[in-house]
Amino acid sequence: MNGLITIELPQLHFYSYHGLFEEEKKIGNDFEVSLKVSYQSEKEIINEISDTVNYATLYDLVKEAMKIPTELLETVAMTITEKIHQTFSVVKKVEISILKLHPPIPQFVGAVGISYTKDF
């Protein structure tokens, strides 16, 4: 049995319109997404892009989900995770975190976010 491979896309930046408040839906916010996708390699040695989980495709899946205004970051993370598994059935685990870099909280300095992990 071959080893588990993890593809990482750390600290991806997006400007999106996620949030509960009307202000967030109109003004938007900066977000940072970090993603880890693990799969069991079916090849002893990977020599072709078709033998792996393509990180460009992963990026496109995240980018498309970040374009859709959604009230909860949990929903965004879960949607991305399911789309990844639908696209790459070999995926065994997805770890994703989403940070809202400028939350609309008075006198708050810092970021807020969620992390989601799912094993398949």
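The values are calculated or read from the model by the stated rules, or taken from the named source; none is laboratory data. All values reported here derive from a predicted model rather than from experimental measurement. Cβ coordinates were reconstructed from backbone atoms using ideal geometry, including for glycine residues, and neighbour counts include every protein chain displayed.
For beta carbons closer than 8 Å, sequence separation of 6+ or different chains, a first residue in the range 15-43 that is at positive phi and surrounded by fewer than 19 Cβ atoms within 10 Å (Cβ to Cβ) and a second that is at pLDDT 90 or above and assigned to a loop (DSSP other than H, G, I, E, B), the qualifying pairs are Gly28/Tyr17.
Whether any residue in the range 35-43 is modelled with pLDDT of 95 or more and assigned to a loop (DSSP other than H, G, I, E, B) is what I want to check. No, the conditions are met nowhere in the range 35-43. The residues in the range 79-109 that are within 22 Å of Lys25 (Cβ to Cβ), modelled with pLDDT of 95 or more and out of contact with any strand residue (DSSP E or B) (no Cβ under 9 Å at 6 or more places or on another chain) can be counted, and the count is 1. Just one of the numbered conditions (1) touching a Lys or Arg at 6+ places or on another chain (Cβ under 9 Å); (2) on the phi < 0 side of the Ramachandran plot; (3) buried (at least 16 other Cβ atoms within 10 Å of the Cβ) is not true of Asp51: (3). Pairs linking a residue in the range 103-120 that is without any contact (Cβ under 8 Å) to a residue 24 or more places away in the chain to a residue that is assigned to a loop (DSSP other than H, G, I, E, B), with Cβ atoms under 7 Å and 6 or more positions apart or on different chains, are Val112/Pro103.
Output yes when any residue across the range 88-102 is at positive phi and not β-branched (Val, Ile, Thr), and no when none is. No, there is no match, as no residue in the range 88-102 is at positive phi and not β-branched (Val, Ile, Thr). Within the range 1-25, if we keep just the residues that are in contact with an Asp or Glu (Cβ under 8 Å, 6 or more places away or on another chain) and assigned to a loop (DSSP other than H, G, I, E, B), the residue that is nearest to Leu35 (Cα to Cα) turns out to be His18.
From the list Ile96, Ile114, Ile84, the lone residue that is surrounded by 17 or more Cβ atoms within 10 Å (Cβ to Cβ), assigned to a strand (DSSP E or B) and β-branched (Val, Ile, Thr) is Ile96. Is it the case that the range 46-63 has a residue that's hydrophobic (A, V, I, L, M, F, W, C) and under 15 Å from Gly113 (Cα atoms)? No, that holds for no residue. Checking each residue in the range 1-43 for being under 20 Å from the mean Cα position of the chain (by Cα) and among the aromatic types (Phe, Trp, Tyr) picks out Phe14, Tyr15, Tyr17, Phe31, Tyr39. Would you mind stating whether Tyr59 is within 12 Å of the chain's Cα centre (by Cα) and not in a helix (DSSP H, G or I)? Considered against the rule, which asks whether it is within 12 Å of the chain's Cα centre (by Cα) and not in a helix (DSSP H, G or I), Tyr59 comes out as no.
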